[in-house]
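*Asks:* Got a structure for you, questions after.
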Amino acid sequence: MVKISRLSSVTRIITFSFMNHFKFVITERLFFINAIITPLGLSILFYFIYANNGPNEIALGVVKAGLLGLWGANIWGASFILQGEKRLGTLDYLMVSPKSIYLVLIGKSVAVVIASNISVIISFVWIQIFVGSIWEFFDLVQVIVIILASSFSFSCIGLMVGVFFINFRQPEILVQFLTYPIYIISGIAVQIELFPILIQFISKTVPLYWSQRGLFEIINNKMSITTVIFLLMIGVINLIIGSLILKKVERRARWTGDFSKY
Amino acid sequence: MNVIQVKDVSKKYIVTSGIIRRRKKEVVALSNVSFDIQKGEIFCPIGPNGAGKTTLIKLLSTLALPNTGQIIIDNYSIIKEPEKIRKKIGVLYGGERGLYWRISARDNLLYFGNLYEIPFKELKHRIDNLLDLVGMTERQHDKIETFSKGMKQRIHLARCLLHNPEIIFLDEPTLGLDVEASRSIRELIKNLKNSGKTIVLTSHYMNEIEELADRIALMDKGTIREINTVQNFKQKANKMNLEDAYLSVLKNKDI
């Protein structure tokens with residue numbers, strides 16, 4: 001009985017954190033630039049890059065643009081979770097509540113990644129309007145599986161990014177660092193085989209690489225379960241690392257008393 | 001019965017300066033502070049800006065950790081068992097910040113209430129009662145960003161009382177409020193004391209402290225210079241009101 005009550009309490013914290021942050025995220029103008037304007041612009045560019053390679057390549061390029069939007073908006077949103085709390089002064093109150101800040105961060109990271117999925121939806125609409133019926137290129141079930149696995153993995157990375165911001169300021173620097181180099185090494189715009197082995201290895205630790213690889217496999221009718229497993233595995237690893245570093249980060253912040261600084 | 005015991009507590013902050021050559025400097029916020037607070041008491045740390053009042057509230061509310069010393073709240077150590085303490089305390093850090101501005105007052109209370117394992121039906125009932133208590137029932141569905149300073153402060157108080165805490169920390173709860181709003185918050189604090197709550201209250205308004213405090217702790221530069229009842233403090237300084245006594249004692253280091 002006690003366990004059920006605790007589980008229900010945990011679920012409520014995650015759900016309310018999710019709802020609270022979802023409302024916040026979808027009313028942020030900068031988020032919309034990341035989640036809508038950027039992938040739209042990239043879709044147009046990818047359209048011209050792949051125009052001579054046939055509709056399959058164009059469709060893949062446009063969905064990759066959607067993925068970039070999902071990644072960028074997710075990292076941007078996640079890094080600003082705690083920055084937002086600091087700005088509002090609510091972090092102090094979350095830190096003196098009996099429940100772990102990790103539960104709050106889980107709810108908020110999920111909110112960010114779900115809101116960020118708007119960029120993927122936009123890329124599908126774009127294909128439908130300018131390239132042809134989306135289902136000619138992609139299997140519905142397989143796409144849903146890849147997008148769900150990507151969203152899980154991205155939100156876990158977002159969670160870890162969030163944990164770091166208990167202590168650090170200037171999220172824009174981390175956003176820059178995590179967004180653009182990862183765009184390049186993820187294999188979306190450039191083939192990763194061009195890079196040295198070490199960078200290729202780093203590429204494979206990035207969920208964006210597995211997401212684009214999954215979409216590539218779907219469009220070529222050879223989707224592999226390994227891709228999904230890798231996406232989920234990267235997510236779980238980040239989830240574990242996040243929870244491990246949280247205690248240290250939180251303790252350090254309590255020593256320095258840095259919660260309110262932003 | 002002592003519900004709060006503070007023994008030899010010190011807290012230092014590291015402040016850095018410079019861009020290329022980072023210089024670190026230690027700032028002592030609290031130095032060997034000791035006192036006890038009894039159940040049902042209103043205890044008021046007073047002192048000039050930078051005296052260490054807010055740091056003390058941060059330590060007592062488990063937000064920050066002391067460098068040395070021990071703080072025991074309701075028999076739990078803030079270092080070893082902060083989670084148990086957090087269930088028993090309510091905190092108001094002062095200022096307008098601390099609420100989600102883009103959601104309604106009710107949604108704010110629902111959100112924070114969920115962090116305290118209050119059954120959902122009971123939480124809704126408590127929110128209704130508290131909104132009524134702080135006079136915000138009519139505006140409960142309005143966004144916080146449309147509220148005045150006083151209204152926000154009332155919602156802060158309601159949030160602080162959501163889980164019916166036994167010990168309440170109020171850091172300048174009437175800062176910047178108009179006369180009417182300040183008075184209603186003072187009345188609320190008196191009612192809380194009458195219902196047996198232990199309250200630690202900081203304020204720069206000496207009339208407020210004089211009206212509410214059972215005991216005061218005069219703080220200066222991170223140390224406690226004196227702990228006394230308001231009456232004894234005034235008598236000792238040979239002044240009629242607390243403000244005069246406070247200024248006189250601060251100026252005269254020998255008193």
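*Asks:* Looking at the range B:75-94, which of its residues are out of contact with any Asp or Glu (no Cβ under 7 Å at 6 or more places or on another chain), more than 7 Å from chain A (Cβ to nearest Cβ) and either in a loop (DSSP other than H, G, I, E, B) or surrounded by fewer than 19 Cβ atoms within 10 Å (Cβ to Cβ) (or both)?
*Replies:* Across the range B:75-94, the qualifying residues are B:75, B:76, B:77, B:78, B:79, B:80, B:81, B:84.
*Asks:* If you don't mind, there's one more thing I want to ask. Going by the conditions given, is residue A:62 farther than 26 Å from residue A:107 by Cα and either buried (at least 24 other Cβ atoms within 10 Å of the Cβ) or modelled with pLDDT of 85 or more (or both)?
*Replies:* yes
*Asks:* Right, next: Somewhere in the range B:135-154, is a residue closer than 21 Å to residue A:98 by Cα and not aromatic (Phe, Trp, Tyr)?
*Replies:* Applying the first criterion (closer than 21 Å to residue A:98 by Cα) to the range B:135-154 yields none.
Scanning the range B:135-154, I find no residue that is closer than 21 Å to residue A:98 by Cα and not aromatic (Phe, Trp, Tyr), so the answer is no.
Yes/no matrix, rows are residues, columns are (1) under 21 Å from residue A:66 (Cβ atoms); (2) not β-branched (Val, Ile, Thr):
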| residue | (1), (2) |
| --- | --- |
| A:143 | yes, no |
| A:184 | yes, no |
| A:191 | yes, yes |
| A:227 | yes, no |
| A:251 | no, yes |
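*Asks:* Please work out which residue is farthest from residue B:212 (Cα to Cα), limiting yourself to the range B:174-195 and to residues that are small (Gly, Ala, Ser) and in contact (Cβ under 8 Å) with a residue 12 or more places away in the chain.
*Replies:* The initial filter retains those residues of the range B:174-195 that are small (Gly, Ala, Ser), namely B:176, B:181-182, B:184, B:195.
With the extra rule that they be in contact (Cβ under 8 Å) with a residue 12 or more places away in the chain, the set shrinks to B:176, B:181-182, B:184.
On the way: B:176: 18, B:181: 16, B:182: 12, B:184: 13 Å.
Filtering the range B:174-195 for residues that are small (Gly, Ala, Ser) and in contact (Cβ under 8 Å) with a residue 12 or more places away in the chain, the one farthest from residue B:212 (Cα to Cα) comes out as B:176.
*Asks:* Now for a separate question. Looking only at the range A:1-28, how many residues end up being under 21 Å from the mean Cα position of the chain (by Cα), more than 18 Å from residue A:78 (Cβ to Cβ) and more than 8 Å from every other protein chain (Cβ to nearest Cβ)?
*Replies:* 1
*Asks:* Now a separate question. Read through the list (1) in a helix (DSSP H, G or I); (2) within 14 Å of another protein chain (Cβ to nearest Cβ); (3) among the polar types (S, T, N, Q), then give the number of the only condition that residue A:56 fails.
*Replies:* (2) is the only condition that residue A:56 fails.
*Asks:* Has the range A:208-216 got at least one residue that is in contact (Cβ under 8 Å) with a residue 40 or more places away in the chain, small (Gly, Ala, Ser) and surrounded by fewer than 22 Cβ atoms within 10 Å (Cβ to Cβ)?
*Replies:* Taking the range A:208-216 first, the residues in contact (Cβ under 8 Å) with a residue 40 or more places away in the chain are A:208, A:210-212, A:214-216.
Among the residues that remain, those that are also small (Gly, Ala, Ser) are: A:211, A:214.
Filter again for surrounded by fewer than 22 Cβ atoms within 10 Å (Cβ to Cβ), leaving none.
So far as the range A:208-216 goes, no, none of its residues is in contact (Cβ under 8 Å) with a residue 40 or more places away in the chain, small (Gly, Ala, Ser) and surrounded by fewer than 22 Cβ atoms within 10 Å (Cβ to Cβ).
*Asks:* Please go through the range A:89-119 and pick out each residue that is without any contact (Cβ under 8 Å) to a residue 12 or more places away in the chain, among the hydrophobic types (A, V, I, L, M, F, W, C) and assigned to a helix (DSSP H, G or I).
*Replies:* Residue satisfying the conditions is A:94 alone.
*Asks:* Would the range B:96-110 turn up any residue that is under 30 Å from residue B:206 (Cβ atoms) and charged (D, E, K, R)?
*Replies:* First, the residues of the range B:96-110 that are under 30 Å from residue B:206 (Cβ atoms): B:96-99.
Remaining after also requiring charged (D, E, K, R): B:96-97.
Yes.
*Asks:* Moving on. Can you pull out every residue in the range B:1-38 that is β-branched (Val, Ile, Thr) and either touching a strand residue (DSSP E or B) at 6+ places or on another chain (Cβ under 9 Å) or within 14 Å of residue B:221 (Cα to Cα) (or both)? I'd like the intermediate steps shown before the answer.
*Replies:* So the first thing to find is which residues in the range B:1-38 are β-branched (Val, Ile, Thr), and the list is B:3-4, B:6, B:9, B:14-16, B:19-20, B:27-28, B:33, B:37.
Across the range B:1-38, the qualifying residues are B:3, B:4, B:6, B:9, B:14, B:15, B:16, B:27, B:28, B:33, B:37.
*Asks:* Could I ask something else about it? Return yes or no: is residue B:222 more than 16 Å from the chain's Cα centre (by Cα) and at pLDDT 90 or above? I'd like the intermediate steps shown before the answer.
*Replies:* Details: more than 16 Å from the chain's Cα centre (by Cα): yes; at pLDDT 90 or above: yes.
When the stated conditions are applied, residue B:222 passes them.
*Asks:* Here's something else I'd like to know. If you take the residues of the range B:6-51 that are assigned to a loop (DSSP other than H, G, I, E, B) and among the charged types (D, E, K, R), which of them is surrounded by the most Cβ atoms within 10 Å (Cβ to Cβ)?
*Replies:* Start the filter on the range B:6-51 by keeping residues that are assigned to a loop (DSSP other than H, G, I, E, B), which leaves B:18-22, B:39-41, B:47-51.
Applying the additional criterion that residues be among the charged types (D, E, K, R) yields B:21-22, B:39, B:41.
On the way: B:21: 6, B:22: 8, B:39: 14, B:41: 19.
Selected residue: B:41.
*Asks:* Same structure, new question: Can you name the residue in the range A:76-109 that is under 28 Å from residue A:46 (Cβ atoms) and hydrophobic (A, V, I, L, M, F, W, C) and, of all such residues, is nearest to the other protein chains (Cβ to nearest Cβ)?
*Replies:* Looking at the filtered set, the residue picked out is A:80.
*Asks:* Has the range A:139-159 got at least one residue that is within 30 Å of residue A:54 (Cβ to Cβ) and not in a helix (DSSP H, G or I)?
*Replies:* Scanning the range A:139-159, I find at least one residue that is within 30 Å of residue A:54 (Cβ to Cβ) and not in a helix (DSSP H, G or I), so the answer is yes.
*Asks:* Can you find a residue in the range B:26-48 that is among the β-branched types (Val, Ile, Thr), without any contact (Cβ under 8 Å) to a residue 12 or more places away in the chain and within 12 Å of chain A (Cβ to nearest Cβ)? Steps first, answer last, please.
*Replies:* Filtering the range B:26-48 for residues among the β-branched types (Val, Ile, Thr) gives B:27-28, B:33, B:37, B:42, B:46.
Narrowing the set further to residues that are without any contact (Cβ under 8 Å) to a residue 12 or more places away in the chain leaves none.
No, because not a single residue in the range B:26-48 is among the β-branched types (Val, Ile, Thr), without any contact (Cβ under 8 Å) to a residue 12 or more places away in the chain and within 12 Å of chain A (Cβ to nearest Cβ).
The values are calculated or read from the model by the stated rules, or taken from the named source; none is laboratory data. Worth saying up front: this structure is predicted, and the values here are computed from it rather than measured. Backbone-built Cβ (ideal geometry, glycine too); neighbour counts: all protein chains shown.
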